[in-house]
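K.L.:
Have a look at this one.
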Amino acid sequence: MIRVRQMVMEFGRATSEDIPAILDLQAANLISHLDEAARQDGFLSVEFTRKQIEEMADHVGIIVARDGIRVAGYLCASSRKFNQAFPLLAAMMERFDRIDYLGRSLTSSRVFIYGPVCIDRFYRGRGLLTGLYETLKKEVTGQYDVGVAFVADDNPHSLHAHVKGLGMDRVGEFVFSEKRYHILAFGVSAEGQRRHKQTHSNDS
């Protein structure tokens with residue numbers, strides 16, 4: 001249990017019982033289901049099926065934030081192999097051999113794909129993203145070196161939350177279907193996080 005801004009929230013790996021709530025949150029936050037005003041608070045670009053959600057939960061993992069029995073938010077993590085099936089993600093991963101991060105190319109690092117992340121609108125601004133992020137890093141430490149995310153250029157709310165809020169690094173960009181995306185990265189291993197902090201201290 002973690003206290004998050006006057007709330008006691010439980011963070012942990014998703015179980016089969018959480019899948020329906022994850023699908024409901026996804027549906028409520030897809031870009032195609034939101035008007036222009038609602039999109040300013042963030043949106044999801046990719047829709048996953050129940051089977052795909054279950055596959056992510058069974059492998060790298062999905063972290064959920066629970067307020068009692070209610071799922072207040074979730075954060076997905078998946079392998080590069082899993083994401084090859086999605087043209088948008090495949091377009092991002094094609095750039096990995098041209099991106100160096102923490103001393104080596106992303107292609108030669110043990111990389112997982114971070115996201116999507118979605119938080120119920122009622123719980124936004126209460127620190128859940130940090131709780132999900134820190135719990136995920138603990139879950140994957142020892143298995144992966146680097147997490148990589150992407151954020152659409154027209155989703156400034158999400159970009160700010162991940163770069164300014166979580167401290168992720170902008171490492172590249174790509175274009176898919178005439179839309180620009182930012183590639184973000186962060187270290188997972190103890191050595192990777194040490195190098196990340198060292199790099200940022202040198203920049204300050």
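K.L.:
Given the structure, is Gly167 surrounded by fewer than 19 Cβ atoms within 10 Å (Cβ to Cβ) and either assigned to a strand (DSSP E or B) or under 14 Å from the mean Cα position of the chain (by Cα) (or both)?
P.N.:
yes
K.L.:
Please find, within the stretch 102-130, the residue that is nearest to the chain's Cα centre (by Cα) out of those that are in a strand (DSSP E or B) and of a type in the set (Val, Ile, Thr).
P.N.:
Residue satisfying both the conditions and the ranking: Val117.
K.L.:
Cβ-Cβ below 9 Å, separation at least six or inter-chain, first residue in the stretch 122-139 and over 12 Å from Gly165 (Cβ atoms), second assigned to a helix (DSSP H, G or I): which pairs?
P.N.:
Note: pairs meeting the criteria are Lys137/Gln193.
K.L.:
In the stretch 90-135, how many residues are in contact with a strand residue (DSSP E or B) (Cβ under 6 Å, 6 or more places away or on another chain), of a type in the set (Phe, Trp, Tyr) and farther than 18 Å from Cys76 by Cβ?
P.N.:
1
K.L.:
From (1) touching a residue at least 24 places away in the same chain (Cβ under 8 Å); (2) in contact with a strand residue (DSSP E or B) (Cβ under 8 Å, 6 or more places away or on another chain); (3) under 24 Å from Val146 (Cβ atoms), pick out the condition that doesn't hold for Phe86.
P.N.:
Evaluating Phe86 over (1) touching a residue at least 24 places away in the same chain (Cβ under 8 Å); (2) in contact with a strand residue (DSSP E or B) (Cβ under 8 Å, 6 or more places away or on another chain); (3) under 24 Å from Val146 (Cβ atoms) leaves (2) as the failure.
K.L.:
Still on this structure, I have one more. Are there any pairs with C-beta distances below 7 angstrom linking a residue in the stretch 161-180 that is over 23 Å from Ile119 (Cα atoms) to a residue that is hydroxyl-bearing (Ser, Thr, Tyr) and part of a strand (DSSP E or B), with the two at least 6 apart or on different chains, and if so which?
P.N.:
Val171/Tyr101; Glu173/Tyr181; Phe174/Tyr181
K.L.:
Here's another thing I want to ask about it. Looking only at the stretch 111-128, which residues are at pLDDT 95 or above and exposed (fewer than 15 other Cβ atoms within 10 Å of the Cβ)?
P.N.:
none
K.L.:
It is to be established whether one or more residues within the stretch 186-197 are touching a Lys or Arg at 6+ places or on another chain (Cβ under 9 Å), at pLDDT 95 or above, part of a strand (DSSP E or B) and not small (Gly, Ala, Ser).
P.N.:
Within the stretch 186-197, one or more residues are touching a Lys or Arg at 6+ places or on another chain (Cβ under 9 Å), at pLDDT 95 or above, part of a strand (DSSP E or B) and not small (Gly, Ala, Ser).
K.L.:
I'm trying to understand the selection: among the residues of the stretch 33-51, which are farther than 19 Å from Ala161 by Cβ and in contact (Cβ under 8 Å) with a residue 12 or more places away in the chain?
P.N.:
The answer is Glu47, Phe48, Arg50.
K.L.:
In this structure, is Lys137 out of contact with any Gly (no Cβ under 6 Å at 6 or more places or on another chain), in a helix (DSSP H, G or I) and closer than 23 Å to Gln52 by Cα?
P.N.:
In short, yes.
K.L.:
Okay, moving on. If you scan the stretch 19-32, which residues turn out to be modelled with pLDDT of 90 or more and closer than 21 Å to His162 by Cα?
P.N.:
Ile22, Leu25, Gln26
K.L.:
Here is a list: Ile69, Ile99. Which entry is over 21 Å from Leu136 (Cα atoms), of a type outside the set (Ser, Thr, Tyr) and over 17 Å from the mean Cα position of the chain (by Cα)?
P.N.:
Going through Ile69, Ile99 in turn, just one is over 21 Å from Leu136 (Cα atoms), of a type outside the set (Ser, Thr, Tyr) and over 17 Å from the mean Cα position of the chain (by Cα): Ile99.
The values are calculated or read from the model by the stated rules, or taken from the named source; none is laboratory data. Values in this document were obtained by computation on a predicted structure and should not be read as measured data. Here the Cβ is made from the backbone with ideal geometry for all residues, glycine too, and neighbour counts use every protein chain on show.
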